[in-house]
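As structure tokens, the structure follows; a few thoughts come after it.
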Amino acid sequence: MKVLKFGGTSVGSAQRMKDVAKLITGNCNLVVLSAMSGTTNSLVEISDYLYKKNPDGANEIINKLAIKYYGHIDELYKTDEYKQKAKELVTSHFDKIRSFTKDLFTLFEEKVVLAQGELISTGMMNLYLHELGVKSVLLPALEFMRTDKNAEPDPLYIREKLTKLLEENPDADLYLTQGYICRNAYGEIDNLQRGGSDYTASLIGAAIKAEEIQIWTDIDGMHNNDPRVVDKTSPVRQLHFEEAAELAYFGAKILHPTCILPAKINNIPVRLLNTMQPDAPGTLISNETEKGKIKAVAAKDNITSIKIKSGRMLLATGFLRKVFEIFENYQTPIDMVTTSEVGVSVTIDNRKHLDEIVNDLKKYGTVSVDNDMVIVCVVGDLEWDNVGFEARIIQAMKDVPVRMISYGGSNYNVSLLIKASDKKRALQALSDHLFKN
Ligand code: ADP
Ligand code: ASP
Ligand code: MG
């Protein structure tokens, strides 16, 4: 069995839903759907109004969104019977959302609101497939996708519950489920963070030991640079798991940052495919490397760098431990680290406890902070005995001020920290130097 995940744009209109239905019928696979594009953003906006105790603001967006969905229903279904069933389904979800406009609104209610997008899209697709005569079975993600007390997925629970649900429905033509949504360790509705449907797909792939995980989206695979920023990017046909994981973690939006790990651990190939161009080869992510090849560049925004300079560092064993402990105390992960004899620089993307961290670090040295930074990450088979790749990267960056450079933590990436205002020209320069034939 394969796991096929379709993102928001892939199911973003009635016509797109029909196209996806054509792609998924004929094989008994497990299909994960996101919410229709724009829906989760609207649900976030509705929640914002409700947090601010403005039910009128929320109701305006709810009503607009509902009207959009009733339009999709008219276009998607042929028969009055299915139009009616879909109307009832969509109305019940909007009633649920509206029920939160009257009362106290907390994180708990927000999670329930955010879950409605995937519940609606999968419900609609399931009805559409039934109208076509396809025996699809909807497996509720809220019955098997679960996180533990550390908000990490619980693979044993997921495998056990999902296997049981599949066994209970042996005659299905195909299985559908919701991406993104889950329950937490306390049984409450929760989610796997924005863009998390990719993660759902790979967790399911790992749980059922799928033959392949396919991520269907609106572009023909992983490009060699961010197509939203750089002109003339091109698809990379083959990536190693580690390369894909680095790119996803360092900002390639096509993949959720953590979605490669479950596939890698279980050695399940991941294929990135284009719903608008289903015959395009896309990108295959597997255990294979292409010796010595630089594959792609990605950038992670909203980075803060912190430098701690200490005259005593050289002789002081335990200096780095003390520094890292401070970040740990505030549950703030570090992305990049560079050290010298007199100091250490680190980067973080979560600024929530920045003031406290800086305050505590001052015990150990002079602290300076740079805001609005970007990590640029060059990814490929960069084993240290492959000569020359560092020189090519540095040459590309010759006109861009670089605050930190890091290599050696992995054989697959070189990271550079630059100012956000230099991001576009840095990415373009790297594309020009690294990928022009
Ligand atoms: P989906 O809704 O299907 O999950 P996303 O919007 O999350 O789709 O991801 C696809 C988008 O990722 C593309 O439209 C593209 O703009 C963006 N993207 C950013 N970096 C890359 C990259 N290196 N290769 C391909 N797409 C990328
Ligand atoms: N619908 C969710 C979001 O927009 C999850 C996803 O699409 O992956 O973030
Ligand atoms: Mg996505």
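I'm trying to understand the selection: among the residues of region 167-204, which are touching a residue at least 60 places away in the same chain (Cβ under 8 Å), away from ligand 1 (no atom under 16 Å from the Cβ) and of a type outside the set (D, E, K, R)? Across region 167-204, the qualifying residues are Ala172, Leu174, Tyr175, Leu176, Ile189. Here Ser305 meets each of (1) outside any loop (DSSP other than H, G, I, E, B); (2) open to solvent by 20 Å² or more (accessible area, probe 1.4 Å) with one exception, condition (2). Return yes when Lys300 is open to solvent by 40 Å² or more (accessible area, probe 1.4 Å) and charged (D, E, K, R) and no when it is not. In short, no.
How many of the residues making up region 19-55 are under 22 Å from His256 (Cα atoms), away from ligand 1 (no atom under 16 Å from the Cβ) and in contact with a helix residue (DSSP H, G or I) (Cβ under 8 Å, 6 or more places away or on another chain)? Can you show your working first?
So the first thing to find is which residues in region 19-55 are under 22 Å from His256 (Cα atoms), and the list is 20, 29-45.
Right, trim to away from ligand 1 (no atom under 16 Å from the Cβ) and you get 29-30, 45.
Imposing the further condition that a residue be in contact with a helix residue (DSSP H, G or I) (Cβ under 8 Å, 6 or more places away or on another chain) reduces the set to 30, 45.
So the count comes out to 2.
Picking from residues in region 365-389 that are in a loop (DSSP other than H, G, I, E, B) and among the aliphatic types (A, V, I, L, M), the one that is surrounded by the fewest Cβ atoms within 10 Å (Cβ to Cβ) is Val387. If you go through region 176-197 and keep only what is within 16 Å of ligand 2 (Cβ to nearest atom), open to solvent by 20 Å² or more (accessible area, probe 1.4 Å) and small (Gly, Ala, Ser), you end up with just Gly195.
Just one of (1) of a type outside the set (Gly, Ala, Ser); (2) open to solvent by 10 Å² or more (accessible area, probe 1.4 Å); (3) within 16 Å of ligand 3 (Cβ to nearest atom) fails for Thr200. It is (2). Within the option set Lys5, Lys68, being under 22 Å from Val137 (Cα atoms) and either assigned to a helix (DSSP H, G or I) or open to solvent by less than 20 Å² (accessible area, probe 1.4 Å) (or both) holds for one residue only, Lys5.
Do we find that Leu284 is assigned to a strand (DSSP E or B) and over 30 Å from Lys362 (Cβ atoms) in this structure?
On the way: assigned to a strand (DSSP E or B): yes; over 30 Å from Lys362 (Cβ atoms): yes.
For Leu284, the condition - assigned to a strand (DSSP E or B) and over 30 Å from Lys362 (Cβ atoms) - is met.
Can you confirm whether region 2-18 contains a residue that is within 11 Å of ligand 1 (Cβ to nearest atom), more than 20 Å from Leu76 (Cβ to Cβ) and touching an Asp or Glu at 6+ places or on another chain (Cβ under 9 Å)? Yes - at least one qualifying residue is present in region 2-18.
Table: residues versus (1) under 30 Å from Val20 (Cβ atoms); (2) open to solvent by less than 60 Å² (accessible area, probe 1.4 Å); (3) out of contact with any helix residue (DSSP H, G or I) (no Cβ under 9 Å at 6 or more places or on another chain).
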site	(1), (2), (3)
Gly311	no, no, yes
Thr317	no, no, yes
Val323	no, yes, no
Ser345	no, yes, yes
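Taking the residues in region 319-354 that are among the aromatic types (Phe, Trp, Tyr) and in contact (Cβ under 8 Å) with a residue 12 or more places away in the chain as candidates, determine which candidate is farthest from Val376 (Cα to Cα).
Taking region 319-354 as the starting set, the residues that turn out to be among the aromatic types (Phe, Trp, Tyr) are 319, 324, 327, 330.
Now restrict to residues that are in contact (Cβ under 8 Å) with a residue 12 or more places away in the chain: 319, 327, 330.
Details: Phe319: 28, Phe327: 22, Tyr330: 25 Å.
So, considering only residues that are among the aromatic types (Phe, Trp, Tyr) and in contact (Cβ under 8 Å) with a residue 12 or more places away in the chain, the one farthest from Val376 (Cα to Cα) is Phe319.
Residues that are surrounded by fewer than 22 Cβ atoms within 10 Å (Cβ to Cβ) and either aromatic (Phe, Trp, Tyr) or outside any loop (DSSP other than H, G, I, E, B) (or both) within region 254-280 comprise Leu261, Lys264, Ile265, Arg271, Asn274, listed in sequence order. All conditions in (1) under 30 Å from Met36 (Cβ atoms); (2) basic (Lys, Arg); (3) at pLDDT below 95 hold for Lys309, with the sole exception of (1). The set of residues from region 207-253 being in a loop (DSSP other than H, G, I, E, B), near ligand 1 (Cβ under 7 Å from one of its atoms), open to solvent by 20 Å² or more (accessible area, probe 1.4 Å) and out of contact with any Pro (no Cβ under 9 Å at 6 or more places or on another chain) comprises Asp218, Pro227, Arg228, Lys253.
Taking region 8-30 on its own, how many of its residues are more than 16 Å from ligand 3 (Cβ to nearest atom), free of Cβ contacts under 8 Å to residues at least 40 places away in the same chain and either buried (at least 17 other Cβ atoms within 10 Å of the Cβ) or closer than 13 Å to Ile215 by Cβ (or both)? Step through it out loud before you land on a result.
If we filter region 8-30 for residues that are more than 16 Å from ligand 3 (Cβ to nearest atom), which is where we start, we get 13-15, 17-19, 21-30.
Those still in the list that are free of Cβ contacts under 8 Å to residues at least 40 places away in the same chain too: 22, 26.
Then keep just the ones that are either buried (at least 17 other Cβ atoms within 10 Å of the Cβ) or closer than 13 Å to Ile215 by Cβ (or both); that gives none.
Matching residues across region 8-30 total 0.
Residues that are within 15 Å of Leu138 (Cβ to Cβ) and in contact with a Phe, Trp or Tyr (Cβ under 7 Å, 6 or more places away or on another chain) within region 8-19 comprise just one, Met17. Filtering region 330-355 to residues that are more than 15 Å from Asn371 (Cα to Cα), in a loop (DSSP other than H, G, I, E, B) and more than 20 Å from the chain's Cα centre (by Cα) leaves Tyr330, Gln331, Ser340, Glu341, Val342.
Do you know which residues across region 117-136 are open to solvent by 10 Å² or more (accessible area, probe 1.4 Å) and either part of a helix (DSSP H, G or I) or within 16 Å of Ile204 (Cα to Cα) (or both)? Selection gives Leu119, Asn126, Leu127, Tyr128, His130, Glu131.
The values are calculated or read from the model by the stated rules, or taken from the named source; none is laboratory data. All values reported here derive from a predicted model rather than from experimental measurement. Counting neighbours? That spans all protein chains shown, and the Cβs are built from the backbone with ideal geometry, glycine included. When the accessible area is computed, the model is the full protein with side chains, heavy atoms only, and any ligands, DNA or RNA have been set aside. Shrake-Rupley method; radii C 1.70, N 1.55, O 1.52, S 1.80 Å.
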